[in-house]
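The values are calculated or read from the model by the stated rules, or taken from the named source; none is laboratory data. If you're wondering where the values come from, they're calculated on a predicted model, not measured in any experiment. Cβ: placed from backbone, ideal geometry, glycine included. Neighbour counts: every protein chain shown. Remember, those area values only see protein heavy atoms, side chains included, never the ligands or the DNA or RNA. Shrake-Rupley method; radii C 1.70, N 1.55, O 1.52, S 1.80 Å.
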Amino acid sequence: MLTIYSDDHHLHHGRCELIDGQLMPCFEMPSRADHVLQRVKDRELGPVEAPRDFGRAPIERIHDKGYLDFFQGAWQRWIATGREDDIMPFTWPARTLRAIKPTTLLGELGYYSFDGGAPITAGTWQAAYSAAQVALTAQASMQAGAYSAFALCRPPGHHAASDVMGGYCYLNNAAIAAQAFLDQGHKRVAILDVDYHHGNGTQAIFYERSDVFFASIHGHPEFEFPFFLGYADEVGEGAGEGFNINYPLPEGSAWDVWGAALDASCQRIDDYAPDVIVVSLGVDTFKNDPISQFKLDSPDYLNMGKRIAALGKPTLFVMEGGYAVEEIGINAVNVLEGFEAALKEGAHA
Ligand SMILES: [Zn+2]
């Protein structure tokens, strides 16, 4: 399997985030992607290539232009005020306030974000832009005939909506790739989000559309971030009604429960009959993940890949979360190796 990877992710290294009611050093750190890349090489998964640059146009198919302008220019505006530390939002337009867009940097940042988990640093735009190009390049390889590809994106993307950043995410790499498939002739794309957290950004982007089916398996928002989306009764709206499905699971869920939700997700995806599948591949479902509450073990990820392969569809894997840094490479690559092993066994036939 071809892996697309850009060193530009090192340009983004936030100092701290607001998580669990505290200011903490960022769990989302550069060594995450480094470990995954090392594992890809150690296991000889396949070639590793740098991304091509498709420009901003395919990103603008998903993200609001005003949001992109703000994000791209935020750091220069910030240092022009004499500041040099990461920018963090601290005021958001909650229910009793107006959802107007202020003209000041910090006002706009509150307008364009939903939490204090996505700091902007000097290199954040370039890192996120390159991650989107990683996803687009992997997508292009499949458009050119590859059956599968791995977009080793960092920062992750599934919490980012059209004009909202948060949860370590700025640009929604999986959504951008899914849209590119549609723009290049595919009719139906299914996104399977296996990250521990609900893919609220992806859901929001496609909630009223029928050309992208979204399924997410995640920690129940009654107890877990992002708290305000990801419930089972969110099934899509308008033209999108029936094309969104959530599997919120209880704390402590292990493979027996999680695998059953995967089976159910795959059944729904099979019913949808997509041309192609995009997997939002987070491995923060791992039992030793420092910010998560599920109990998957490393061999479970092989089974995850096998079950996805059994769908028998071209599949693009897009890296999302996973914060047990030492094991992130093993678990992520296990999914890819399980997928490839199943293909070799003819499970997709
Ligand atoms: Zn996550």
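Do the conditions hold for residue 3, that is, is it surrounded by 19 or more Cβ atoms within 10 Å (Cβ to Cβ) and either modelled with pLDDT of 95 or more or not in a helix (DSSP H, G or I) (or both)?
Judged against the criteria, residue 3 is a match.
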If residue 279 satisfies every condition in (1) farther than 19 Å from residue 174 by Cα; (2) buried (at least 19 other Cβ atoms within 10 Å of the Cβ); (3) not charged (D, E, K, R) but one, which is the exception?
(1)
Would you call residue 54 within 22 Å of residue 146 (Cβ to Cβ) and part of a loop (DSSP other than H, G, I, E, B)?
yes
If you scan the stretch 49-64, which residues turn out to be over 19 Å from the mean Cα position of the chain (by Cα) and either open to solvent by 70 Å² or more (accessible area, probe 1.4 Å) or in contact (Cβ under 8 Å) with a residue 60 or more places away in the chain (or both)?
49, 50, 52, 53, 54
The stretch 138-249: strands (runs of 3 or more DSSP E) wholly inside it with 1 or more residues that are in contact (Cβ under 8 Å) with a residue 60 or more places away in the chain, open to solvent by less than 20 Å² (accessible area, probe 1.4 Å) and within 13 Å of the ligand (Cβ to nearest atom) are 189-193, 212-219
Total residues in the stretch 291-323, condition among the small types (Gly, Ala, Ser) and either in contact with a His (Cβ under 6 Å, 6 or more places away or on another chain) or away from the ligand (no atom under 16 Å from the Cβ) (or both):
5
